[in-house]
Amino acid sequence: MKNIAMIGSGGWGVALTLILNKNGHNVKLWAYSEDEKDLINNERKCKFLPQAVIPEGITCSNSFEEVINGADIIVIVTPSGVIRSTLNSIKNIVREDQIILLASKGIEA
C-alpha cells in the first residue's frame, strides 16, 4: 500500500484516485478551487464524474503541502498548460525520495 498525492481533482484525477483507492492505496487529492474541494469532501462527488461516489477515506485539500507531505508517489494530472506552474509551486515541497508521475493530457502552448 502506497500513500499517493493526486495533484488535480478533475475527472481524470478523480478516476485515477478511485482506481488507486480500490487497489488499496491511500490517496489525497489536491484541488485548485475551493468549490471542488468542498464538493469532494462534503458531498463525496466530482462535478466531472457525476455518477462517481468518492469513498470516505479520500480527502481533498487546496494545500500542496497537506497533500504532498507523507506521500510516496505524486501524480500530476493538472492540464498540460499549467504543468510548468504546478511544478514550480511544488518544487520546494517535494522530497528527493518521492516519485513524481506525469499523467496530464493535452499540449502546452
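Figure legend. Inter-residue proximity from the range 71-87: first residues in contact (Cβ under 8 Å) with a residue 60 or more places away in the chain, second residues charged (D, E, K, R) and surrounded by 15 or more Cβ atoms within 10 Å (Cβ to Cβ), beta-carbon distance below 9 Å, spacing 6+ or different chains. Indicated pairs: Ala71/Lys28. Identification of helices (runs of 4 or more DSSP H) wholly contained in the range 23-109 with 2 or more residues that are open to solvent by 50 Å² or more (accessible area, probe 1.4 Å), out of contact with any His (no Cβ under 8 Å at 6 or more places or on another chain) and farther than 14 Å from Met6 by Cβ yields 34-38, 83-90. Across the range 24-41, the qualifying residues are those that are farther than 13 Å from Ile58 by Cα and not charged (D, E, K, R), and the one among them that is farthest from the chain's Cα centre (by Cα) is Ser33. Ala15 satisfies every condition listed in (1) open to solvent by 20 Å² or more (accessible area, probe 1.4 Å); (2) within 19 Å of Leu102 (Cα to Cα); (3) touching an Asp or Glu at 6+ places or on another chain (Cβ under 9 Å); (4) not basic (Lys, Arg) except (3).
The values are calculated or read from the model by the stated rules, or taken from the named source; none is laboratory data. The model shown is predicted, which means the values in this text are computed figures rather than measured ones. Virtual Cβ from ideal backbone geometry, glycine too; neighbours counted across all protein chains shown. Note: accessible area is taken over every heavy atom of the protein model, side chains too, but ligands, DNA and RNA are not part of it. Shrake-Rupley method; radii C 1.70, N 1.55, O 1.52, S 1.80 Å.
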